[in-house]
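Let me begin by presenting the structure, written as structure tokens, before commenting on it.
The values are calculated or read from the model by the stated rules, or taken from the named source; none is laboratory data. Remember, predicted model here, so these are calculated numbers, not experimental data. Glycine gets a Cβ as well: all are built from the backbone with ideal geometry, and neighbour counts include every protein chain shown. The accessibility values were calculated without ligands, DNA or RNA, using every heavy atom of the protein model including side chains. Shrake-Rupley method; radii C 1.70, N 1.55, O 1.52, S 1.80 Å.
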Amino acid sequence: MPGEEVTRVLNEKTEDLRRAVSRLTLLQTQDALTLLRYSLSIPKLMYTLRTSDCQSNPALEEFDKVLRAGLSSIINVDLSGNQWLQATLPVRDGGLGIRSAVMLAPSAFLASAAGTTELQARILPPTISIIPDSSVVSALYNWSIRSKSTAPAGTAAYSQRNWDSACIQTAKDELMDSALDPRDRARLLASQAAHSADWLFALPISVIGLRLPNEAVRIAVGIRLGVKICEQHQCPCGAVVDTLGTHGLSCRRSAGRQQRHSLINDIIWRALNKAKIQSVKEPTGLTRTDGKRPDGLTLIPWSQGRCLTWDVTVPDTLAASHLNRTSVIAGAAAEHAAELKIAKYSDLIPHYDFVA
């Protein structure tokens, strides 16, 4: 029941989180982010959220305040209101999976209440079981305001995800409505695309090359959430680099562009050879009329007696030349680049399986 005891428990959880955050800052960023998401934040609070009516308790706001400050200190970024809102979304919806206690509390409690309704009716006498549960009524009211949706019915109400998805969708709509800049819309759409956040699911294991440097995590999170990652300055190419720092992804004088291209090509080549499919990079015999050649070729047939040849390209979703497409459809820059590659190597397609 709501009261001092629930507040005491929530305050203890908040102090535990504050202590954990102070220690997480001593770890590498990817390790700390992984521990915070999977163990030390909402997972520590979930039992209380599901079993107690605490969705209107001010202590939840303090928990979120500590969580937001902790996330900022771990990643070394400054989160505005919308950036924090995006960070609290699940990874598949464009966030970091650092869920907000205030957003999640009504959904967790209502799902638990719905799932135990039948058992309660069997335990309590009929004269009591027909009386509306004031805690459920209050939680449903707060959930309706937050989700702007109708409540799940039947067995669908037993699932916390069904309650939570409506609140998530409202938050996503709010973020899209506030994104007046095409670059912000393109960023939000890209963050929700398939595989755009696979790096967030990779456990930081150094021996297999999965631990990211601290600066790489900061920049990856910064680009995903649209936070300030550098001071405004002038690029050697003459363009002005704003505080979002995304110019380097498309600058022709950026060393990173060629490095990304080479790394992706190397991953494909190594994967094929691991699968016992012998292949070579930049085959000398496959040149176009202008002298250019694809990035790789298998030396044995790939399908129906035809060898596989591929060419890598790394378009920038946030480049000004792509925003008219990427601000409407996620992945449009890559699809357009693939179409151009296929057209460039059209003379190879009759004889090889070409992949852009």
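Given the residues Ser144, Ser135, which is the only one that is among the polar types (S, T, N, Q), farther than 30 Å from Ile223 by Cα and at pLDDT below 90?
Exactly one residue qualifies, and that residue is Ser135.
Of all residues in the range 179-200, which are out of contact with any Gly (no Cβ under 9 Å at 6 or more places or on another chain), open to solvent by 30 Å² or more (accessible area, probe 1.4 Å) and part of a helix (DSSP H, G or I)?
Across the range 179-200, the qualifying residues are Pro182, Arg185, Asp198, Trp199.
Report the residue count in the range 276-304 for those that are small (Gly, Ala, Ser) and at pLDDT below 90.
3
Just to be sure, is Arg218 out of contact with any strand residue (DSSP E or B) (no Cβ under 9 Å at 6 or more places or on another chain), more than 29 Å from Glu282 (Cβ to Cβ) and assigned to a helix (DSSP H, G or I)?
yes
Only one of (1) under 12 Å from Gln30 (Cβ atoms); (2) open to solvent by 60 Å² or more (accessible area, probe 1.4 Å) is not met by Ile208, so which one is it?
Here Ile208 meets the rest and fails (1).
So which residues in the range 114-145 are farther than 21 Å from Gly3 by Cβ, open to solvent by 100 Å² or more (accessible area, probe 1.4 Å) and among the hydroxyl-bearing types (Ser, Thr, Tyr)?
Residue satisfying the conditions is Thr127 alone.
Across the range 1-23, what is the total count of residues that are open to solvent by less than 80 Å² (accessible area, probe 1.4 Å) and assigned to a loop (DSSP other than H, G, I, E, B)?
2
If you scan the range 146-172, which residues turn out to be crowded, with 16+ Cβ neighbours inside 10 Å and outside any helix (DSSP H, G or I)?
Pro152
Return a yes/no flag: does the range 321-331 have any residue that is under 33 Å from the mean Cα position of the chain (by Cα) and within 23 Å of Ile267 (Cα to Cα).
Scanning the range 321-331, I find at least one residue that is under 33 Å from the mean Cα position of the chain (by Cα) and within 23 Å of Ile267 (Cα to Cα), so the answer is yes.
For residues that are under 28 Å from Phe201 (Cβ atoms) and either assigned to a loop (DSSP other than H, G, I, E, B) or open to solvent by 30 Å² or more (accessible area, probe 1.4 Å) (or both), tally how many sit in the range 221-246.
Number of matching residues: 9.
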